[in-house]
Structures are given as C-alpha cells and as structure tokens.
C-alpha cells in the first residue's frame, strides 16, 4: 500500500464511508445529512446559510439536502420571527432520534478503526487530523 499521506487519508476516508454508508440507508438519510442534524442539535434553529457554511457546501446543495430532510420528517422550516423574510431550519424528534442512532454507528466504527490505539495515541491522532485540517483551511483562505 502506498504510504503517502494523501493516499493514506484517502483510503481511510473511503473505508470509513464504506463502513457507515449502509447505516445511512437504514436511517433514511443521505450523505452529509447527519452533519446537518448534529449542527441543529448543538446550535438550535439555524438559517440555511449557516448550515451551508458549516457543511462547507454551496447554498444549492444545502437546499437540496434540506428538502430531502424535510420530506423525511427530520427537519421543518419555520419563519424566522426576527426576520420574517427568512426561514429557520428546526430539527424534529425524528431527526434527533436518527442522529442519536447515527452517533452509535459512528462510535462502533471509531472503535473498530482505532482498535489497538492507546488513549494517548487516539488523542494525538485527533490532534494531528485537526491541525492538518486547519493548515489546509488557513492555507486555502490566505491564497497560498
């Protein structure tokens, strides 16, 4: 197996996605939708623009995602009382339950992925990934 970082990350990402993909279907969710539900649980009712920024996708993509989540009963759209021209996205009880179940699947996958890692190695690995992400985001934003 290639040992370049980009190939190792690529392979790990695709292995993770492959392990979790069947569970999306079980829950009636699509790719990226658990991330939206998690954000709504942590942040409360949110505007579409906030969700697009958090998920790092364009507004059209988040709009399609929200349409699907709404049809599935995972979220509802409500008029924003502070700005009646805007809508807020609100998670439903069904959305909360689906996200909780999703978190369980993610925890199982993480345990499988990190089997044999010490707690210190897990913490270091999480730190390394977070730093790599910040480096790429900061580098991309500064134009370097």
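Derivation of every value follows stated rules applied to the coordinates shown; laboratory data play no part. Quick caveat, the model's predicted, so the values are computed rather than measured. Cβ placement follows ideal geometry from the backbone for every residue including glycine, while neighbour counts extend to all protein chains displayed.
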Subject >> Fraction in percent of alpha-carbon pairs per bin - 10 Å, the chain >> reply: 10, 32, 34, 20, 4, 0
Original post:
Which whole-number percentage describes the relative contact order of the chain, with Cα contacts under 8 Å and a sequence gap of 6 or more?
Top reply: 21
Original post:
Between residue 80 and residue 137, what is the FRET efficiency for a Förster distance of 35 Å, r being their Cβ-Cβ separation, to the nearest 0.05?
Top reply: 0.75
Original post:
What angle do you read, to the nearest 10 degrees and between 0 and 90, between the alpha-carbon axis of helix 93-113 and the longest principal axis of the chain?
Top reply: 0
